[in-house]
Amino acid sequence: MKLYIINGPNLNMLGIREPGHYGSTGYSQLIELLREHCASQDVEAIFYQSNHEGDLVDCIQEAYFKGADGIVINPGAYTHTSIAILDAVKSVSLPTVEVHISKVEEREDFRQISYIRAACEKTITGHGIQGYIEAIDYLIEKYGN
Ligand code: DQA
């Protein structure tokens, strides 16, 4: 099974940015943790992070063309603004799980809209970085190996 694990803007700043919301684990530590988890489950994982909307669209399309079985994505602030990312996920029709480290539903009004959610099978919020593991496990259980 092959999964794309995609992170949007400012998620490379994990461990530095607003630890009260996002915790103290750095981005590279997160990737290491997820890499180990995927390896233990015999899942091929491709990791990508970008601060640029179009690059995230390109990566979602790449997941399709490279034969991925699913996508785990935290689009960061583009969650709340990007129809292009919604359309990209719709275009590829791959099972997709939306992850947010923080509990977005308890935060500002502008975080209450998620465009991408309409194209996602599942949304996980507020479970910290464990949310990525839950998303991966969901896709493995439903579509894996
Ligand atoms: C986030 C929540 C978004 O509102 C925010 O813009 C982020 C991170 C989260 O993981 O909780 O960048 O997606």
Long-range neighbours under 8 Å by Cβ, at least six apart or interchain, first residue over 16 Å from GLN49 (Cα atoms) and charged (D, E, K, R) within the range 13-31, second open to solvent by less than 80 Å² (accessible area, probe 1.4 Å) and within 13 Å of the ligand (Cβ to nearest atom): none
Over the range 117-132, the set of residues within 22 Å of LEU34 (Cα to Cα) and within 14 Å of the ligand (Cβ to nearest atom) is CYS120, THR123, ILE124, THR125, GLY126, HIS127, GLY128, ILE129, GLN130, GLY131, TYR132
Matching residues, the range 57-84, being part of a helix (DSSP H, G or I), within 21 Å of VAL104 (Cα to Cα) and either open to solvent by 70 Å² or more (accessible area, probe 1.4 Å) or touching a residue at least 40 places away in the same chain (Cβ under 8 Å) (or both): GLY76, ALA77, TYR78, THR79, ILE83
Within the range 1-55, which residues are open to solvent by less than 60 Å² (accessible area, probe 1.4 Å), closer than 26 Å to ILE83 by Cα and assigned to a loop (DSSP other than H, G, I, E, B)? GLY8, PRO9, LEU14, ARG17, SER50
Looking at the range 94-116, which of the residues that are closer than 20 Å to GLY54 by Cβ and more than 11 Å from the ligand (Cβ to nearest atom) is most open to solvent (accessible area, probe 1.4 Å)? TYR115
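The values are calculated or read from the model by the stated rules, or taken from the named source; none is laboratory data. Because the structure is predicted, anything quoted here is derived from the model rather than measured. Note that each Cβ is placed from the backbone with ideal geometry, even for glycine, and that neighbours are counted across all protein chains shown. Accessible surface areas use protein heavy atoms only, side chains included; no ligands, DNA or RNA. Shrake-Rupley method; radii C 1.70, N 1.55, O 1.52, S 1.80 Å.
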